[in-house]
Structures are given as C-alpha cells and as structure tokens.
Amino acid sequence: MFTRRKFLRNSAALTAGVGVKAFTPQLVAQAGTTDRAESPRGSGSNSTPDTLDLAEHGRLALNGLLGSLDPEADYECAFLNILDVRQPYMLHWSTMVSGVMPKYVAALPMLRLMSGSDQDRDVENGFLNAILRNMDEDGLIYDRATESRPWNVGVYYGKADQNEDYANMAGNGRAIAGLLAWHQMTGDEIWLKRAKRTAERMLELAIVEGDQAWYPNPGVGNDFSYPRKSGWTTRKAPQSANEGFEGGAMFYHFQPLRGFARYYQATGDERFLELSRKFANLGLQSKFWAGAGDMDPVASAERGHFKLHFHASMAAVRGALDYALVANDYKIQEFAHNSYNYARQTGVKRLGLFPTHGEGTEGCSIADMIAMAVTLSDAGLGDYWDDVEMYVRNGLLCAQATDLEELKRVSMAGKMRPPNSNDPELAGHFDSRFRANNKGVLSGQEIHDRVLERTVGAFGHVVGARYQAPMMMHCCTANCCQALYFAWEGILRRDGDDSVTINLWLNRRSPWVDVFSWQPHNGNLAVQNKGMLRIAVRKPSWAARTRIRCQIDGRDARPEWSGTHMIFNGLKGNEFISFSTPLLSERAEYTLVNLGKPLESRERYQIDFRGPTAVKVERISAGQGDEGYYKGQEAHDWYRLFRRDHMQATEAPMKPLPNHVHGKLVHWSVV
C-alpha cells in the first residue's frame, strides 16, 4: 500500500467567534521588501556570480507549491504529480487538508519573503480563505467527508469506508506554527487569534493521565486523528513505535509540540509547556525508539536511535527538540542532538541523502536534517553549518524539479495514457490507486492542466544519487520549501543594530550586507557592507585558515579570529570585503547506507567534490535494489541528477544582480 510514510468542500458556516476575514494580496504581502541594486565590485556593472541562489530556488518553489493547489476543489492540494506518462497528471488523496496543507500555511510567507515573488497571489488568497473557513467551526482543520471528495475514503487510510470529517492532530500542530508565521509577517492579530483557537482545542482534546498525555488512534482517516462527529471512541495510549496505518506513532505525537512550543513563546501560556512535557514523558519511552542493533535497547533509546522510517522519526525528534529548548530540558536536548548524529551516519551525509529503504530518500528527510542542523547550531549544541551547506547544495537541490525540458523527456518516455483511464497498465509507476484497498480512479481526483509547468519547483524523492522518482509528493514540497528558507535565512544573521554574522558561503542579499559566492568554481567570497560596524565571517571546514586572503576595498586586511570566525571591527559601513582561498577538490567513495537494512547497504558511489558541492557522481556498485521504487522498470528514463559538468569550470559565469532585498523575516526557530 502506498502512503506518505511508506513511500511516502466547503467547510462549516461562519460562526460568531472569530469570523473569516478576506485576505487580499495587499494584506498578506506586508513583507517590507526593499528593491536596491548594488554591484559586487570587480565583477562588472550590476552583475554577480551566477552560482547557487536560494532565493531563486524559493521563487521556483512558490510555483511548485501553488501549482499543486486546485481551485476547482476549494484549493485543496494534490498529493502526487505523476510524471512518467503521456499525459502527466496530478492526484488528490486522503489526509491532505488536515495533514499536509497546514505546512503550506507556514511555507508561503517564507517563500514570499526570501524570493520577492508576487506570482499567483490570487491562488494564495483563495487557499488561505479556504483554510480559514475550514477552521472556523472549532479551530481545527478537517478533512471533510463530502460527495465532492470521494478520495476521503476512496484511497485507503484508517478503517475502510468509515467516511467522517477528521482532523489530523499532527497537521493541526503544524498549523499553529503556520498561523504564527503569518502573524509575524503581517502583524495582524487575527492570525494570533486563530492560533489561539487551534491551540485551545488541541489542549481540550488531549488525553491526560497522571504525568503523561497523548492523542488516541480511533482509526478514522490518518493515524491519531480526531473524528469530528464521533469524538474519541477510545482513550488508549499508543503502545508501540510502529502503531497505526502508517507506522510512525511518535511522528504524530511530537509534531503538535512544534506548535505548542511556538505558541508558548508567543503568549507565555504555561499550560502548553506543561502539556508538551507530558507528551514527552509518554513519547520518550524506550519502546518507541531503540534503533541500534549493536547496543542495549534502553541505552539506544536514551541516545535517540531509531529503526523506523527516517522522516517519521526525525520529524518527531524535531518536535522533542523544540520543546526541550523552550523548557530548558538539557536531557531531551541531548537526546535530540545524539539522534541527529546517529541519523547523519546513514545515507551519504556529504550528499545530504538519507534513505529509509533501498535507495529512496524522501525530500522530507532532507528537510528535517537541514532544520535539525540549523537549530542545533543556533542552540549552541554543535556547529553544523557545514552540514547545512552540504545538504542544501546536493540533496535538497536533487529533490527539486527545476528543469522543464527534463520533465518533458521523462513524460515522453512513458506510456500514452488517456485522462482518467482506469487501466492499471497505463498508470504511472507511483500511482497506487489500483492496489490494496484503493478504489481506482475517483470522480474529480485527477488534474491535467499544465501539469509539467506547475511541477517546476516542486519536490519529491531521490533514488540513490542518480534520479528523481517520476513523481512529486507535495508533503515533500511543503517541507522542503521551508527548508529552503531555513538555509537561506541562516546564511547571515544580524546581531544587534550594527553587527552581522555570516554562517554560510552562499549568495544572499539583505538590508545589512550582501554576500556573493563564487562556489563551486573557486573559493572566492565577497561581502558588501551596507551600514554595519562589525562583520563576522565563519570559516568553512574545507578552507585552511592560513590560506585565506582577506581584503577590504582592495587592500590586504588581517581579521581578528574568534574560534572559526573572522572578525572585522570598527567598520565605516560601506566596505567591500573579499576572501580568496583554494577550493578543496577531492574524489571520494561512499556507500549509501539505508536505515531499514544498514547491513545490506551495498550501493556505492564515486564522487568528485569542489568544496561542499558534488560536481560529478558515478555509481560504481549497485545495491540490492528496492522493489518499492523499481519493480522491473527501467529507471534510466527518469529525471537525471548531478548533470553538473558546467560546475567544473574555474571561472564563474555572471548574471544581472537580483533587485530583491527582503524586509521582515519570519523567525521560524524557537532558539
């Protein structure tokens, strides 16, 4: 059975509580953008190195995220874009509204801020109003059982044919975080009021016994979801790590903590800190973890090891870490830190790929690792900025579809399929509607309009280090869109009124400094000061301290060193600071270790690196294969990765300097 975890119309009438407010594009776009263009000196008038620009990938991601929404179905998102057929199609699926679309709520303000794009404001506005109408009854987002949504039970989750409105509690916890992001961006109190209603309802529905709390699993819809009419039909706590249809009990129990922690920070309401503590007491029992086969299970669980699905486990760890940071619980912080270090021993860390079974890495897993690396670094639990840059430059970009011509090639290599065909032989490789308890093609389930164009910027799965799977999965799109922002926002940070720290050697424009990177072509970096009196630049691990040359306005300069940071004090505010150092070039071989069967991991790659960027990747030894991905299909017709010959040139191409400079920022972390 195909699920997010394994592959992975209208709402109630308005109430008199907090009514729906129409959100016009003018209101939701209050990001304070400033358009100013200055040129990095020495690179040509109004030009900049044409190297990795996360803001541009954010613009593409906005296209993929909004492109997945269906105005004909009250702006409900598709789950999958099926790409390996002529013609390609999108699919609606169960659990999307309350399970996945809350992640869109958080991703949208982040993408708007980082990219400056105004694309499809009408679609965004329709989506936001649909979500708010859905929430207006009691504060929760529900998947609705209506005739217009036959996929509510037509694709199998929970108890077969039990068709009822249900609220995914994990998704609603994420919704709190999204609403608070909009509150930060716009300053409009209605978002905080909405977050309060959702938080209060989730508090009311929690089962609390003694020093533990949980949400039960009545089996309706997605795991651990609340049935709107029936209410909780059981009060039983989860008993095992793989409980439920998707087999990730702690994924569902620790996701709400991400919303509770942020709501506590925004309001100071101690009830949500206390509730989170009780959820943690339940969920950190050794029976829910215990992953390492060479260690005592209790000791393994204490160290955050896990043996289930990578994303289900690491997303849960993220919730535990958020709670631990706001509660100042060092033991749980240590648990999360150890869990991250355990996770980074799987896959190939330098590629940012972390498969669960066989060769398949979900985009969600990459996003989790980026979020963990940034949060742990911000919290002072380690310095993982090098990890962030490796994950972003390789794995995250591999999971994003950016080449329309390559998407067309994948589609044209597939079978001809008439729209809404019920012939399983003509379906795309990842269309599982004809397997298990699913009911085939359902009325209104498919979308056929401009599918490839709407796919550009979306995220899916990576197969080994060679291909994208020929589908986009929009839970991955929503999570990876946020990860793009996490990395982009972390490139540099303002420290007080007149100081900035640069963490990553990546391009970013800001109101305080602009950063220009020539990687992977060479080891040059430039910083245009725009009013700061102090600038700190972190040395990446691949650069030797003694071989970094610094100049200010063309004259050699000696920075002060503090650990791994080069410090420039007493600046006037308009300096151009440049760095040059040899870029480490290295060929290395790595085995792709899958979490599900680490002792059977035999997929091996030879990789050419320039700094943190993999510029050439060749498989030199095949693994056991993964029936979930291949099943005999010739994968060489899929979307090809690491086509990076152009990156091996030592001179960077140039492009016009982007005009967009962000204004406000969404502070997504609890640190």
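The values are calculated or read from the model by the stated rules, or taken from the named source; none is laboratory data. Remember, predicted model here, so these are calculated numbers, not experimental data. As a convention, Cβ positions derive from the backbone with ideal geometry for all residues, glycine included, and neighbour counts pool all protein chains shown. We work out accessible area using only protein heavy atoms, side chains counted, and drop any ligands, DNA or RNA first. Shrake-Rupley method; radii C 1.70, N 1.55, O 1.52, S 1.80 Å.
Within region 274-286, residues that are under 13 Å from Tyr252 (Cα atoms) sit with their Cβ atoms under 6 Å from residues that are at pLDDT 95 or above and surrounded by fewer than 19 Cβ atoms within 10 Å (Cβ to Cβ), at 6+ positions apart or across chains, in these pairs: Leu282/Gln212.
A quick yes/no check of all residues on (1) open to solvent by 10 Å² or more (accessible area, probe 1.4 Å); (2) of a type in the set (Val, Ile, Thr); (3) out of contact with any Ser or Thr (no Cβ under 9 Å at 6 or more places or on another chain):
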{"position": "Asn129", "(1), (2), (3)": "yes, no, yes"}
{"position": "Arg133", "(1), (2), (3)": "yes, no, no"}
{"position": "Glu137", "(1), (2), (3)": "yes, no, no"}
{"position": "Tyr166", "(1), (2), (3)": "no, no, no"}
{"position": "Leu179", "(1), (2), (3)": "no, no, no"}
{"position": "Glu189", "(1), (2), (3)": "yes, no, yes"}
{"position": "Leu192", "(1), (2), (3)": "yes, no, no"}
{"position": "Ala195", "(1), (2), (3)": "no, no, no"}
{"position": "Arg201", "(1), (2), (3)": "yes, no, yes"}
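Scan region 92-100 and give yes if some residue there is among the aromatic types (Phe, Trp, Tyr) and open to solvent by 10 Å² or more (accessible area, probe 1.4 Å), otherwise no. No, every residue in region 92-100 fails to be among the aromatic types (Phe, Trp, Tyr) and open to solvent by 10 Å² or more (accessible area, probe 1.4 Å). Scanning region 43-91 for residues that are surrounded by fewer than 22 Cβ atoms within 10 Å (Cβ to Cβ), among the acidic types (Asp, Glu) and outside any helix (DSSP H, G or I) yields Asp50, Asp53, Asp70.
The residue that is nearest to Asn338 (Cα to Cα), among those in region 373-393 that are hydrophobic (A, V, I, L, M, F, W, C) and part of a loop (DSSP other than H, G, I, E, B), is Leu381.
Return a yes/no flag: does region 415-429 have any residue that is of a type in the set (Gly, Ala, Ser) and open to solvent by 10 Å² or more (accessible area, probe 1.4 Å). For region 415-429, residues of a type in the set (Gly, Ala, Ser) and open to solvent by 10 Å² or more (accessible area, probe 1.4 Å): present. Cβ separations smaller than 8 Å between residues 6+ apart or across chains give the following pairs from region 122-149 residues that are more than 22 Å from Val220 (Cβ to Cβ) and of a type outside the set (Lys, Arg) to residues that are open to solvent by 10 Å² or more (accessible area, probe 1.4 Å) and part of a helix (DSSP H, G or I): Asp122/Pro25; Val123/Pro71; Glu124/Pro25; Asn125/Pro25; Gly126/Pro71. With open to solvent by less than 10 Å² (accessible area, probe 1.4 Å) and under 21 Å from Ser669 (Cβ atoms) as the only criterion, which of Gly395, Gly382, Gly360, Gly347 stands out? So the residue among Gly395, Gly382, Gly360, Gly347 that is open to solvent by less than 10 Å² (accessible area, probe 1.4 Å) and under 21 Å from Ser669 (Cβ atoms) is Gly395. Among the numbered criteria (1) hydrophobic (A, V, I, L, M, F, W, C); (2) farther than 30 Å from Ala588 by Cα; (3) modelled with pLDDT of 95 or more, which one does Met390 miss? Only one criterion in (1) hydrophobic (A, V, I, L, M, F, W, C); (2) farther than 30 Å from Ala588 by Cα; (3) modelled with pLDDT of 95 or more is unmet by Met390, namely (2).
Please count how many residues of region 544-560 are within 34 Å of the chain's Cα centre (by Cα) and either more than 18 Å from Thr501 (Cα to Cα) or surrounded by 12 or more Cβ atoms within 10 Å (Cβ to Cβ) (or both).
2
The set of residues in region 525-557 being closer than 23 Å to Val388 by Cα, among the aliphatic types (A, V, I, L, M) and part of a strand (DSSP E or B) consists of Leu525, Ala526, Val527, Ile535, Ala536, Val537. Glu405 meets the conditions (1) within 24 Å of Gly464 (Cβ to Cβ); (2) in a helix (DSSP H, G or I); (3) touching an Asp or Glu at 6+ places or on another chain (Cβ under 8 Å) in every case but one. The failed one is (3). Taking every residue in region 234-253 that is over 21 Å from Gly99 (Cα atoms) and pairing it with any residue that is open to solvent by 10 Å² or more (accessible area, probe 1.4 Å) and among the charged types (D, E, K, R), at least 6 positions away or on another chain, the pairs with Cβ-Cβ distances below 7 Å are Ser240/Lys287. Of the set (1) in a helix (DSSP H, G or I); (2) in contact with a strand residue (DSSP E or B) (Cβ under 7 Å, 6 or more places away or on another chain); (3) among the small types (Gly, Ala, Ser), all apply to Ala106 but (2). Among what's in region 436-455 and is surrounded by fewer than 19 Cβ atoms within 10 Å (Cβ to Cβ) and charged (D, E, K, R), pick the residue that is farthest from Asp70 (Cα to Cα). Checked region 436-455; the qualifying residue farthest from Asp70 (Cα to Cα) is Lys439.
Quick grid of which residues meet (1) at pLDDT 50 or above; (2) within 30 Å of His521 (Cα to Cα):
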{"residue": "Lys21", "(1), (2)": "no, no"}
{"residue": "Thr24", "(1), (2)": "no, no"}
{"residue": "Arg36", "(1), (2)": "no, yes"}
{"residue": "Ser47", "(1), (2)": "yes, yes"}
{"residue": "Lys103", "(1), (2)": "yes, no"}
{"residue": "Pro109", "(1), (2)": "yes, no"}
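Here is a list of conditions, (1) of a type in the set (S, T, N, Q); (2) assigned to a helix (DSSP H, G or I); (3) open to solvent by 60 Å² or more (accessible area, probe 1.4 Å), and Asn242 meets all of them except one; can you say which number that is? Failed condition: (2).
Counted as qualifying within region 246-333 are the helices (runs of 4 or more DSSP H) with 1 or more residues that are within 18 Å of Ser225 (Cα to Cα), namely 249-267, 270-283, 310-327. The C-beta contact set for region 54-72 (first residue farther than 15 Å from Val105 by Cα, second residue aromatic (Phe, Trp, Tyr) and surrounded by 24 or more Cβ atoms within 10 Å (Cβ to Cβ), distance under 6 angstrom, 6+ apart or interchain) comprises Leu54/Trp488. The C-beta contact set for region 556-578 (first residue modelled with pLDDT of 95 or more, second residue loosely packed, with under 11 Cβ neighbours inside 10 Å, distance under 6 angstrom, 6+ apart or interchain) comprises Ile567/Glu560. One residue is enough: does region 565-577 have a residue meeting the conditions in contact with a Pro (Cβ under 7 Å, 6 or more places away or on another chain) and open to solvent by 40 Å² or more (accessible area, probe 1.4 Å)? Checked against the condition, which is being in contact with a Pro (Cβ under 7 Å, 6 or more places away or on another chain) and open to solvent by 40 Å² or more (accessible area, probe 1.4 Å), region 565-577 yields no hits at all.
For region 119-196, the helices (runs of 4 or more DSSP H) that sit wholly inside it and include 1 or more residues that are closer than 15 Å to Ala106 by Cα and in contact with a Pro (Cβ under 7 Å, 6 or more places away or on another chain) are 121-135, 169-186. Using beta carbons and a limit of 8 Å, which pairs, at least six apart or on different chains, have the first residue in region 368-383 and farther than 23 Å from Ala107 by Cβ and the second one of a type in the set (Ser, Thr, Tyr) and assigned to a helix (DSSP H, G or I)? Note: pairs meeting the criteria are Asp383/Ser377. The criterion of being open to solvent by less than 10 Å² (accessible area, probe 1.4 Å), in contact with a His (Cβ under 7 Å, 6 or more places away or on another chain) and part of a helix (DSSP H, G or I) holds for Leu113. In region 497-514, the residues that are under 16 Å from Lys572 (Cα atoms) reach residues that are in a strand (DSSP E or B) and open to solvent by 30 Å² or more (accessible area, probe 1.4 Å) with C-beta atoms within less than 6 angstrom, at least six apart or across chains, in these pairs: Ser499/Arg534; Val500/Arg494; Trp512/Arg494. Looking at region 456-474, is at least one residue surrounded by 21 or more Cβ atoms within 10 Å (Cβ to Cβ), farther than 24 Å from Ala73 by Cα and within 15 Å of the chain's Cα centre (by Cα)? Yes, region 456-474 contains at least one residue that is surrounded by 21 or more Cβ atoms within 10 Å (Cβ to Cβ), farther than 24 Å from Ala73 by Cα and within 15 Å of the chain's Cα centre (by Cα).
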